[in-house]
Amino acid sequence: MSETTIDTNSLGEKIVNVLKTIFDPEIPVDIYELGLIYDVFVNENYDVKILMTLTTPNCPVAETLPLEVEEKVKSLNAVNSAEVEITFDPPWTQELMSEEAKLELGML
């Protein structure tokens, strides 16, 4: 691995750190801890694809939240492009939330 090669795993961690700065406006927990991020793919060209869901199909931020995720991920220097795909399969449930999110919301 040359010095100019970026480790996709470390880039993945940076992407997760960015995702943890984005919050669902209705729930005071970041979208990563809420379990809204199903998968993050990074290819050898540093194109990023994020598979995510929303708490409900008619979520008030259905239009803006995926754009915010794309813009923030694209702002990372190593990222060539970013695309967000929204899915409702499987539908989001509270079981997808991390222990940290459940604790934050008083569910534990």
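The values are calculated or read from the model by the stated rules, or taken from the named source; none is laboratory data. No experiment lies behind these values; they were computed from the predicted model shown. Reconstructed Cβ throughout: ideal geometry from the backbone, glycine too, with neighbour counts over all protein chains shown. Just so you know, the surface numbers come from the protein's heavy atoms only, side chains and all, with ligands and any DNA or RNA stripped out. Shrake-Rupley method; radii C 1.70, N 1.55, O 1.52, S 1.80 Å.
Of note:
- Scanning region 17-35 for residues that are open to solvent by 30 Å² or more (accessible area, probe 1.4 Å), out of contact with any Asp or Glu (no Cβ under 9 Å at 6 or more places or on another chain) and farther than 19 Å from Leu103 by Cβ turns up Asn17, Pro25.
- Scanning region 68-108 for residues that are surrounded by 14 or more Cβ atoms within 10 Å (Cβ to Cβ) and within 24 Å of Glu44 (Cβ to Cβ) gives Val69, Glu70, Lys72, Val73, Lys74, Leu76, Ala78, Val79, Ala82, Glu83, Val84.
- Positions within region 50-69 being modelled with pLDDT of 90 or more and either more than 23 Å from Met97 (Cβ to Cβ) or of a type in the set (A, V, I, L, M) (or both), in sequence order: Ile50, Leu51, Met52, Leu54, Leu65, Leu67, Val69
- Residues that are open to solvent by 70 Å² or more (accessible area, probe 1.4 Å) and not in a loop (DSSP other than H, G, I, E, B) within region 36-67 comprise Phe41, Lys49, Thr64, Leu67, listed in sequence order.
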